[in-house]
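Just so it is clear, none of the values below were taken in a lab; they were calculated from the coordinates. Note that this is a predicted model, so its numbers are computed, not measured. Please note: Cβ atoms are built from the backbone with ideal geometry, for glycine as well, and neighbour counts cover all protein chains shown.
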Protein chains: 2
Amino acid sequence: MGEFELIRHYFAAAACAQGGEGVVLGIGDDCALLELPAGEQLAVSTDTLVEGVHFPVACDPLLLGQRSLAVAVSDLAAMGADPIGFTVALTLPQVGADWLRQYADGLNRMALRCGVSLIGGDTTRGPLAITVTVFGKAPAGQALRRSGARPGDLLCVGGYLGNAAGALPLVLGERTAPAEVAEPLLAQYWSPLPQLALGQLLRGRATAALDISDGLLADCGHIAKASGVALQVNAEQVPVSPALQAFLGQEAALHAALTGGDDYVLAFTVPEAQLSSLPDPGVIHVIGRVLEGQGVTLRDGQGQDITPAQRGYQHFRETP
Amino acid sequence: MGEFELIRHYFAAAACAQGGEGVVLGIGDDCALLELPAGEQLAVSTDTLVEGVHFPVACDPLLLGQRSLAVAVSDLAAMGADPIGFTVALTLPQVGADWLRQYADGLNRMALRCGVSLIGGDTTRGPLAITVTVFGKAPAGQALRRSGARPGDLLCVGGYLGNAAGALPLVLGERTAPAEVAEPLLAQYWSPLPQLALGQLLRGRATAALDISDGLLADCGHIAKASGVALQVNAEQVPVSPALQAFLGQEAALHAALTGGDDYVLAFTVPEAQLSSLPDPGVIHVIGRVLEGQGVTLRDGQGQDITPAQRGYQHFRETP
């Protein structure tokens, strides 16, 4: 048995690879087979993470395993889909048994938390990169899209923003912080929990949704463009964690919350009446409103437009 | 608009990205959405190709576009599935407009030939690698697996073998050949045509199937193992193209047909009565038989067992 054959056997033995609802045939044949209940549609998303671009060289493989699956499953949450399965295409420079055991452990832990089964994959030799493709289901016509926001809707997010961006100096070892500050930031970076329950709750209620990966303002721009509306974000309503404020100070923390990526918290638009009818999931923050027009505007507490210095976000990238 | 945003727009404009049967929502949201007719199951497969491992450095991007999709769709053929869609995760060292235009052109051509729609993807910066995930459908319970071969079944393949392995010295520029020899070999390497029609014809008839990617003997080993049977291959029945014989000579051509990878021709087992009831697709060659036992044996014209010098196959790999 070759080393890559060993890897496949190793992954096939993981608890998350033992099938599950909707999985007819898992790892080991030319294709996996899934089935959908009548009236449901399949949601599919693919994400690639490359070493030195999306995660630091020589990072903890267990954390990488968790993160590589979480960022992909988050796209299912953004559609309001129920997770079914995932494939992982792993390109590795060499085969280290310890690295693989830890990576598979992290992947398995996140898979069990999200209720998603490993159904297949591919292992190749090359520079370290990971492509995860996730599969979920949603009742026909009820998946949340980016394109349905209407003027008058409220703009909401599903939790604190900026923690993952704030974690970067800790991830890169450039700074340290006391545990009560470092832990919530690092947790958001390394094991963001896809907001699956929130997404499913929003089906039939939210008019548009996505998960924040490029940064709040950039991602609001995606909703505005897809929906043909303008979004107004009220800076003082943007939720910032006490840990992030303690680590960066108030101003830089807000900047991270507005422009930092990798939080994988949901942003969505919802008619006001629908929001009040939602069972309180305890995480929703209203941060603005949908208006006629186009683009995204940011307002301060006095109702003045602010132009943040940096609106976009470049994912973590090491200088070569 | 950033360069990667441009790429996404570029792919979204391709003819194969304009939706199709089963595609509810294509490129541009957090997930694509697919629907299945009642009674059908979804077939899924993921393949990664890495530069310098699965294809030569600085190869023709149009050919690479064709090949990167074909090898993935071939897994749908092996299951007898009807193709629906695919995602492509593209990792690129830099963004060259010419390269991308040609790559997308090749991808688009193969997609239109196979009747499969581009439904999503991801573009990242890093060493050149391509992960394609394909989606198809098959009536519940009718997808072809590797595990159903039974003693007494015939072992068949869907066409000439060894052409892709024979093409390698041409692909690498180590040898040249007259056009009538080079063209069929290079075509099998760069744009293998997934045997979708054959796979669909075999549903309900073949007892096991796969597409030959690792080499005939190695892949027969996969069927033997999954089915708990032995396979006997008769060397003189293995189909070898006139071009391959002209290029390599008879003995080396047979060796390439037995052990060379990357042909993406179907191998399958079928009860004798089913085979004679098949409408003749003009490509089926009986090359052996399923027996009680385990493993794969190779027989010469005198019924003697042969042990080939090399049974496995290492995909193309450049020395670093």
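Observations, loosely collected:
- Within the listed set B:Ala81, B:Ala15, B:Ala111, the residue fluctuating most in the Gaussian network model of chain B (springs between alpha-carbon atoms under 10 angstrom) is B:Ala15.
- Label geometry 7 Å along the beta-carbon vector: A:Gln304 inter-copy distances in nm: 9.6
- Projecting the Cα atoms of B:Ile119, B:Ala58, B:Ala13 onto the charge dipole of segment B:1-144 (Cβ charges, centred on the Cα centre) puts B:Ala58 farthest toward the positive pole.
- In summary, the convex hull built on the alpha carbon positions of chain B has an orientation-averaged projected area of 17.1 nm².
- Taking GluC sites (Glu not before Pro) in DSSP loop states with no more than 11 other Cβ atoms inside 10 Å as exposed sites, chain A has its longest site-free stretch at A:1-173.
- Per-peptide average of other Cβ atoms within 10 Å, ordering B:66-74, A:192-200, B:87-95 highest first: B:66-74, A:192-200, B:87-95
- Within chain B: Cβ-based charge dipole about Cα centre, in debye rounded to nearest 20 (Lys, Arg +1; Asp, Glu -1): 420 debye
- At 7 Å out from Cα toward Cβ: A:Ala15 inter-copy label distances (nm, ascending): 5.0
- Label-point separation, A:Asp60 to A:Ala12 (7 Å along Cα→Cβ), nm: 3.1 nm
- Straight-distance candidates among the lysines for linking to A:Lys137, with alpha-carbon spacing under 23 Å and chain neighbours fewer than 8 residues away dropped: B:Lys137.
- Take B:Trp99, push a point 7 Å out from Cα through the beta-carbon direction, and compare it with the same point in every other copy: 2.4 nm, smallest first.
- Between the beta carbons of B:Glu5 and A:Arg150, assuming R0 = 22 Å, the FRET efficiency works out to 0.30 to the nearest 0.05.
- The simple Förster model, with R0 at 56 Å and r as the Cβ-Cβ distance, assigns A:Asp305 and B:Gln94 a FRET efficiency of 0.90.
- Mean residue ellipticity (222 nm) of chain B, computed from DSSP H runs ≥ 4 via -39,500 (n - 2.57), nearest 500: -10500 deg cm²/dmol
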